[in-house]
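I have placed the structure first, in the form of structure tokens, so that the comments after it can refer back to it.
A short reminder: the numbers here are calculations on the coordinates, not readings from a lab. Predicted model only: the values in this text are computed from it and were never measured. Ideal geometry is used to build each Cβ from the backbone, glycine not excepted, and the neighbour counts take in all protein chains shown.
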Amino acid sequence: MGEKNVFLKIDSVAKSFGDVQAVKGVSFQVHGGEIFGLLGPNGAGKTTLIRSALDIIKPSSGEIEILGGEMSEGKKSRIGYLPEERGLYDDMTLWNTLIYLGRLKGLNQKTAQERSEQYLRELDLWEARERKIQALSRGMTQKAQFIAGVMHEPDLIIIDEPFSGLDPVNTRLIKKLLYRMRDRGAGIIMSTHQMVQVEEMCSRILLINQGEGVLYGDLQEIRSRFTSNAVEVDMAGEVDQVQGVEQMTPRNGGYHMVLSEGVRPEDVLQRLVSNPDLTVERYERVEISLDDIFVQVVGGEKLNGSGEEAV
Amino acid sequence: MSKLWLVAKNTYQQKLRSSTFLLLTFGLPLIMVVAGAIPILTELRAEIPEVGYVDQTGEMGVLTEIDLEEEKLALVHFPDQQAGLSALEAGEIGGLFILPADYFQGASPRYLSNSEPSEKLKEALGKAVRTGLLSGAPAWQVERLEDPAKFTYLAQSTGKRVSEGPAVIIRVAIPVFLAMVFVLAIFTGANQMGSVMVQEKDQRAMEMVITSISPRALVSGKVLGMTLLSITQVGVWILGAGLAVFLFFREDLIGQAISIPWNALLWAGLLCVPAYFLFALMGAGLGVIAGDITQARQLAGMLGFVGMGPLYFMGMIVNAVDGPLAVGLTLFPFTAPTIGLFRMALTEVPTWQLVVSFLILLGSLLFSIWFVARVFRATMLLYGQKLKPAEILRAVSESGLSFAGREKEN
């Protein structure tokens, strides 16, 4: 993607709080029309990065370009933000809250009303519009805050844990809206711990750990770097040991086999098939999940393959 | 509509509907009116009993009744105290009035009864003494002595005749009244600013709001909204007070050329409005520094004392209305409106003092907006944590500083 399509450019950004370095020279870019996953364990520095990008806090060093330049008051209306810290005005009705926050984002009264109605209906909150925020359930408040963050249809959307507290039906509704915004051309940064959602929705990711970027790039490419050296086998017959298999564990009526270093899965398959006492019914290479990659990387395990340098 | 006005409008509308505001705006004056009306109503409903009297001076003529405006005081003469006491004990009279023999040497008259005499009865007894002692005098003399001096009030500075009675009271009282209203407004309005800022943070919507509007505009909008709220409140009070004064003095005021002190009203506006903003900003700043509502209210209490500060100096100001202390406090931004207006009721305050006071106020106001916005930016994402003095200095000295990740330092 060209530079023109870069909606957020973080270049060697670092941030210290006293003696603690929360972010250590992280770089990444987010483009229009993509959903970008910002991943990392608790305290990794994700929120600090997001707040730096939004000019809520100033980074200690590094450069940030947002929507083609430095942050300005005018650009705030082109950015949508759903922070990790959830909260709206308890004493206000849902309707008034959305109108107020929509107008703060630059919408005029009429458009704020139209958009509020549209999103409230889409997210099944229309009937609750006259209720005070304090009377809404957690899931409803979550959806209300999501609407407040995106109703001005911004170019860049930053959402922190958008699905926490939502049931599967509401999760689908939010996903549908996010896809629509992406298709409209918005750049979306999604910070979450739900790896299943990242695998499904994000095209590229940045994984940060202890303030450092440790994985960055195309999700499929990253997954291909973390090839698993294990297979799942369903077979009839008894076997105690297979040459080239380091560990063999019964699982789901079959076996989970971890292969020795340097051993190819097809070699093991050939050995199993050539054993007359065995009938192989299923032989499948285990594909590593993003969840496993996360645990592996954050847990400090050896990276499999050279891959892209940590950013 | 600018975002600052949006915040102001939202703050105003939200607070306008709150029970605290409605109670303070309408409940407080109502309580004061009721508290003030009870003694008046009690007095109006009090009946004047038949009273016996003993004249031990021998100078009073015999009286049987005294004409009051709408009632009469029935009097029964007794030759001596014993006879009067017997009648009182027998219930023939409601009270016994004794004019002692050494009355002319300064002794006080006595009134014996089982109940406290009403103001109306006291007045009637005074009239009875005057009428009795002047029993031989012509009616006009008695009448004139009932109100021996009707004053004509002249303005000291211009020598012009101002007016008389309630009209002159109004002229002198307006600046003092406005000064008092200002102090009250600080107590009820500016003091709430701290709580408003803490609430804004506690609602945890700050992170969303701050990506829509600058900290300076948010703080200014909040202060403006609360100021408009105070103006509404004070407006209701002034309207109520004006109505009460008109109704109470209606007959005295009709036909009188009331002199409105326009000069004082103009300076009241020029000094009170920026001074109120200044107090409100200080309140907001204290709320930003405070960790929670309780601390914000405690700190706001201190602000209230600053607002009341000028009242402690009133005695000294009256004694030297143009002295250095009076001038100094007129120029000091936190005391300027109260002392300035108070002095205007007593003397002609030089215009240069008021102009300089106004300019100092504006300068202080601009500095406060910058200062509070800076501290606010640094602390807006701290929830339930009080700011330390060293951190306040850091927030002011370092541009764009945020303590949002302070927990990581600790």
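In this model, which of A:75/A:105; A:110/B:3; A:15/A:143; A:75/B:9; A:75/B:3 are farther than 21 Å apart at the alpha-carbon?
Distance filter (> 21 Å) returns A:15/A:143; A:75/B:9.
Could you tell me the distance between the Cα centroids of the stretch B:78-126 and the stretch A:48-109, to the nearest Å?
For the stretch B:78-126 versus the stretch A:48-109, the Cα centre distance is 82 Å.
Taking only Cα atoms and a 10 Å spring cutoff, compute GNM fluctuations for chain A and point out the largest among A:147, A:288, A:188.
Checking each option, the largest mean-square fluctuation is seen for A:288.
Taking the Cα centre of the protein assembly as shown as the origin and placing charges on Cβ (Lys, Arg +1; Asp, Glu -1), which of A:272, A:31, B:83 is farthest toward the positive end of the dipole?
A:31
Can you classify the stretch A:47-86 as rounded, prolate or oblate using the Cα gyration tensor, where a ≥ b ≥ c are the square roots of its eigenvalues, rounded means a/c under 1.5, and otherwise it's prolate if a/b beats b/c and oblate if not? Write out the running numbers ahead of the final one.
Values: a/c = 2.26, a/b = 1.07, b/c = 2.11.
Note, shape of the stretch A:47-86 comes out oblate.
Please give the average number of partner chain Cβ atoms lying within 10 Å of the Cβ of each residue in B:195-208, rounded to a whole number.
Counting other chains' Cβ atoms within 10 Å and averaging over B:195-208 gives 5.
Can you work out the FRET efficiency for the pair residue A:232 and residue A:138, with r the C-beta to C-beta distance and R0 = 45 Å, to the nearest 0.05?
My answer for the efficiency is 0.70.
Which residue, chosen from B:238, B:267, B:118, occupies the Cα position most advanced towards the positive end of the dipole of the protein assembly as shown, where the dipole is computed from +1 (Lys, Arg) and -1 (Asp, Glu) charges on Cβ about the Cα centre?
B:267
Can you give me the P(r) profile for the stretch A:229-285? Cα pairs, bins 5 angstrom wide beginning at 0, each as a whole percent.
4, 21, 37, 29, 9, 1
Give me the angle, in degrees from 0 to 90, between the Cα long axis of helix A:168-184 and the longest principal axis of the Cα atoms of chain A, rounded to the nearest 10.
Once rounded, one gets 70 degrees.
Listing A:179, A:119 from the residue with the fewest other Cβ atoms within 10 Å to the one with the most, what is the order?
Starting with the residue having the fewest Cβ neighbours, the order is A:179, A:119.
Name the shape class, rounded, prolate or oblate, that the alpha-carbon gyration tensor gives for the protein assembly as shown, where a ≥ b ≥ c are the square roots of its eigenvalues, rounded holds for a/c under 1.5, and otherwise prolate holds if a/b is larger than b/c and oblate otherwise.
Since a/c reaches 1.5 and a/b is larger than b/c, the shape of the protein assembly as shown is classed as prolate.
Given axes a ≥ b ≥ c from the Cα gyration tensor, I'd like to know whether the stretch B:55-115 is rounded (a/c under 1.5), prolate (a/b larger than b/c) or oblate.
oblate
Distance from the Cα centre of the stretch B:1-60 to that of the stretch A:172-216, in angstrom?
63 Å
Under the definition of Cα pairs under 8 Å and six or more residues apart, what whole-number percent is the relative contact order of chain A?
Taking the mean separation of contacting Cα pairs over the length of chain A, I get 21 percent.
Within 10 Å of each Cβ of A:70-79, how many other protein chain Cβ atoms are there on average?
2
Taking 22 Å as R0, compute the FRET efficiency from the Cβ-Cβ separation of residue B:351 and residue B:325 and round it to 0.05.
0.65
Would you mind giving the mean number of other chain beta-carbons within 10 Å of the Cβ of each residue in B:348-357, as a whole number?
Partner-chain Cβ atoms within 10 Å, mean over residues of B:348-357: 0.
Once Lys and Arg get +1 and Asp and Glu get -1 on their Cβ, which of A:283, A:254, A:236 lies farthest toward the positive end of the dipole of the stretch A:229-285?
Of the candidates, A:283 comes out farthest on the positive side.
Which order, highest average first, do B:345-351, A:39-45 follow once you tally other Cβ atoms within 10 Å for each residue and take the mean per peptide?
Descending mean neighbour count gives A:39-45, B:345-351.
When you count, for each residue, the other Cβ atoms within 10 Å and take the mean per peptide, how do B:218-230, B:110-122 rank with the highest first?
B:218-230, B:110-122
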